[in-house]
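Shown next, in structure tokens, is the structure this report addresses.
The values are calculated or read from the model by the stated rules, or taken from the named source; none is laboratory data. This one's a predicted model, so the numbers in the text were calculated from it and none came from an experiment. Cβ coordinates were reconstructed from backbone atoms using ideal geometry, including for glycine residues, and neighbour counts include every protein chain displayed.
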Amino acid sequence: MKDIGFFSTDNGFKAVVGGKGGGRPKPGLELADGLTEDMEAWRETIEIMADRKLMKQIKEVDADWKSGNKKAYTSWNDLNHA
């Protein structure tokens, strides 16, 4: 994902992601509407999404999870006894 935007509305803010600039623009995906509180959480989310290294790690973990690669994870039992 490259683009994220916040637009002011009568009900607060609207969060939109994606879209495509250039010769064939398309609308972005609306994440949320009426955001009036907890903007700090959105700022933190944007910071994470802007961090290319962290986003790469998140995508790798998602791929491991989807493929069932249990070796990529530490068990809850191991965490409790660490």
Within region 18-37, is there a residue that is out of contact with any strand residue (DSSP E or B) (no Cβ under 7 Å at 6 or more places or on another chain), modelled with pLDDT of 80 or more and outside any helix (DSSP H, G or I)? no
Counting only residues that are in a helix (DSSP H, G or I), surrounded by 11 or more Cβ atoms within 10 Å (Cβ to Cβ) and either within 16 Å of the chain's Cα centre (by Cα) or modelled with pLDDT of 85 or more (or both), region 58-82 contains a total of 6
Checked MET55, MET1 against criteria (hydrophobic (A, V, I, L, M, F, W, C), modelled with pLDDT under 75, surrounded by 10 or more Cβ atoms within 10 Å (Cβ to Cβ) and under 21 Å from the mean Cα position of the chain (by Cα)); the one match is MET1
